[in-house]
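Below is one structure; the comments refer to it alone.
All of the numbers you see were taken from the coordinates with simple rules; none came from a lab. This is a predicted model, so every value here is computed, not measured. Virtual Cβ from ideal backbone geometry, glycine too; neighbours counted across all protein chains shown.
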Ligand code: NAD
């Protein structure tokens, strides 16, 4: 989904081009990596509950699978575009590479608004999506997962359709499945916890005690909820959260300067991660504008909703108190804003490193599903912490050694790994 005039694929290519130049990548490798390997666009015709028919547009993009099967989520969003899916698929390639898991990058989507669809209609879309792409996805080809506005229920419908068509049990086809049906313990928490494992390491690097810090979050969906939960458990104080208000059709910010309780806020949040304004007021939250989350006098900003949120305009709103930006969302910061953040010397934990906990745990889920043997939650989270911490330090070490911005250092590691894979395979 793209905000007006903003093309995430152009931005993903721009980021790639800048680092490819630094790495002196040859032309053929650049040509291969700046476009997806394969992409599919298709119709999904559905019989609606009222008996009429509607046709939804579906996408799947496989950006690169040199290091393993493509991996990436499926979004349901009314403003989904092929360029958003291309960008996200490309970022998945860098994400799996930077955390060094044997998977490639893919992404999918359907142009639809689940707010306006019954569960039965959503099920038809999930099954229709699988029917259209079944020959090109699978545990050894391309493994989907949930993303914005899709969840474990959508994944199990998709798996069920895949297994019906292929006639085999293949729980490794998809991740983010419900527990007991091939899902992994820890998957729900994984992205948000992963964000906070990297923040914990960044704070250690900067010599700051988490107990003396405050943070502001954009979004209160899957990523932000668990990030905020772990942050407060580790002793930090969350003071603001911004979410979408579907009634007013605009974003609003909820602020409680004395500190937000995760349990309290989750109690007034719906399944789309939208907070009930009236209930929030009763609980003593101040209601502010949608952009207020970025203007808070905090140590840490966690954009965890959408792309293009820290751009040339909003970057000016960031207060001098901010020391860390932990990018829970994909593509929240534009290259123009990056230049300002570099100048302000803010420690940015780039998206494809910061939010890689989700795909890392999806990888663990796939391994468990393929083995048909499941680990305990402690085991999953401990393995996740290990992967995220080690990936963060590899990026930090390179950033320090080469005096690079964190995003560029992460790109250098990821692109080098993928470029090595395509070269070793003899593709270019
Ligand atoms: P979600 O659908 O669970 O939650 C999205 C949240 O963003 C909701 O709270 C919603 O109200 C809020 N939001 C929407 N528009 C907004 C706006 N204009 N201003 C403020 N808030 C707004 O989604 P999620 O799974 O938490 O994903 C959030 C981001 O993280 C996306 O960029 C996604 O691609 C990325 N991501 C998700 C995962 C994952 O495992 N879920 C993994 C990696 C990256």
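Would you mind ranking 313, 65 so that the residue whose beta carbon has the fewest other beta carbons within 10 Å leads the list?
Details: 313 11, 65 20.
Final ranking by Cβ density, sparse to dense: 313, 65.
So if R0 is 60 Å, what FRET efficiency would residue 291 and residue 43 give, r being the distance between their Cβ atoms, rounded to the nearest 0.05? Walk me through the numbers before you get to the answer.
Working: r = 37 Å, r/R0 = 0.62.
The formula returns an efficiency of 0.95 here.
At a Förster distance of 25 Å, what's the computed FRET efficiency of residue 279 paired with residue 118, Cβ-Cβ distance as r, to 0.05?
Once rounded, the FRET efficiency stands at 0.45.
Provide the three semi-axes, in whole Å and in decreasing order, of the ellipsoid equivalent to region 184-428 as defined by the square roots of 5 times the Cα gyration tensor eigenvalues.
Values: eigenvalues 173, 105, 56 Å².
Over the Cα atoms of region 184-428, the semi-axes work out to 29, 23, 17 Å.
Taking a point 7 angstrom from the Cα of residue 317 along the C-beta vector, which residues in region 173-216 have backbone N less than 14 Å away?
Flagged as within label range: 216.
If I model a spin label as a point 7 Å beyond the Cα along the Cα-Cβ vector, how far apart are those points for residue 141 and residue 57 in nm?
2.4 nm
By its C-alpha gyration tensor, with a ≥ b ≥ c as the square roots of the eigenvalues, how is region 288-328 shaped: rounded for a/c under 1.5, else prolate for a/b larger than b/c, else oblate?
Here region 288-328 falls in the rounded category.
Based on the alpha-carbon gyration tensor of region 246-287 and its eigenvalue square roots a ≥ b ≥ c, which shape applies: rounded if a/c is under 1.5, prolate if not and a/b is larger than b/c, or oblate? Could the numbers behind the result be given before it?
Details: a/c = 1.92, a/b = 1.33, b/c = 1.45.
It is oblate, given that a/c is not under 1.5 and a/b is not larger than b/c.
Shape of region 37-181 from its Cα gyration tensor (a ≥ b ≥ c, root eigenvalues): rounded if a/c is under 1.5, otherwise prolate when a/b > b/c, or oblate? Kindly include the intermediate steps, with their values, before the conclusion.
On the way: a/c = 1.84, a/b = 1.40, b/c = 1.32.
Prolate is the answer for region 37-181, as a/c is 1.5 or above and a/b outweighs b/c.
To check my understanding: the extent here is largest minus smallest coordinate of the Cα atoms along each principal axis. What are those three numbers for the chain, in Å, largest first?
56, 54, 45
Need one number: nm distance between label points at residue 397 and residue 10, each 7 Å from Cα along Cα→Cβ, rounded to one decimal.
3.9 nm
Between 182, 267, 358, where does the largest GNM mean-square fluctuation fall for the chain, given springs only between Cα atoms within less than 10 Å?
Ranking 182, 267, 358 by mean-square fluctuation puts 267 first.
Contour minus end-to-end for residue 344 and residue 249, with contour as 0.36 nm per residue of separation and end-to-end as the Cα-Cα distance? Write down the numbers at each step before the final one.
Working: separation 95, 0.36 × 95 = 34.20 nm, distance 3.31 nm.
30.9 nm is the gain from fully extending residue 344 to residue 249.
Can you tell me the FRET efficiency between residue 423 and residue 367 if r is taken as the Cβ-Cβ distance and R0 is 22 Å, rounded to the nearest 0.05? Write down the numbers at each step before the final one.
Working: r = 27 Å, r/R0 = 1.22.
Efficiency for this residue pair is about 0.25.
Subtracting the Cα-Cα distance from 0.36 nm times the residue separation, let me have the gained length for residue 208 to residue 131 in nm, one decimal.
22.6 nm
What nm distance separates the two modelled labels at residue 31 and residue 82, each placed 7 Å from Cα along Cα→Cβ?
So the two model labels end up 2.1 nm from each other.
Of all beta bridges DSSP finds with both residues in region 37-181, what is the antiparallel percent, to the nearest 5? Numbers along the way, then the final one.
Values: 17 of 25 bridges.
Antiparallel bridges: around 70 percent, rounded to the nearest 5.
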